[in-house]
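Colleague: Mind having a look at this structure? Questions to follow.
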Amino acid sequence: MLRKFDVASMNADEITAADLPRMVADAAACEPDRIAVAHGMDTTTYARLHDEVVKLDAAMGILLGQASLVPIALATVFPALADSARGDLRNVLDALVIDLVDCVAPAPLSAAG
């Protein structure tokens, strides 16, 4: 069972790519139908993104590491992100982190901690 990720107790600088799988799991648990990512005309929910992360983790998690799971899952859901040379994946990840913090943190994060 996944441990609840306590974003509220963290400093904004402490959130890393390795934290994203837990944050996605928490968001999927509390708001599974919330839109996690919109890219072009396509969208995906936290439930679907979490399912992709879980499948990827089961298949290759040890080889990839936690920091790679969400970016690769996003590229699986939105194949165009993997082909983009414009930095679309980075922009989508940035928007995802902002929404995840809003979704799973009961209070705003402070850079001062």
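Colleague: Could you rank the peptides 48-57, 29-38 by their average count of other C-beta atoms within 10 Å per residue, with the highest value first?
Modeller: Highest mean packing first, the order is 48-57, 29-38.
Colleague: Residue separation times 0.36 nm, minus the C-alpha to C-alpha distance between Arg90 and Met60: what's the value? Mind showing how you got there, number by number?
Modeller: Values: separation 30, 0.36 × 30 = 10.80 nm, distance 2.18 nm.
That pair, Arg90 and Met60, stretches by 8.6 nm at full extension.
Colleague: For Asp102 and Ala38 in the same chain, what is the full-extension length gain: residue separation times 0.36 nm, less their Cα-Cα distance, in nm?
Modeller: Fully extending the segment from Asp102 to Ala38 adds 21.4 nm.
Where a number appears in this text, it was derived from the coordinates with a stated rule and is not lab data. This is a predicted model, so every value here is computed, not measured. All Cβ positions, glycine included, derive from the backbone under ideal geometry; neighbour counts span all protein chains shown.
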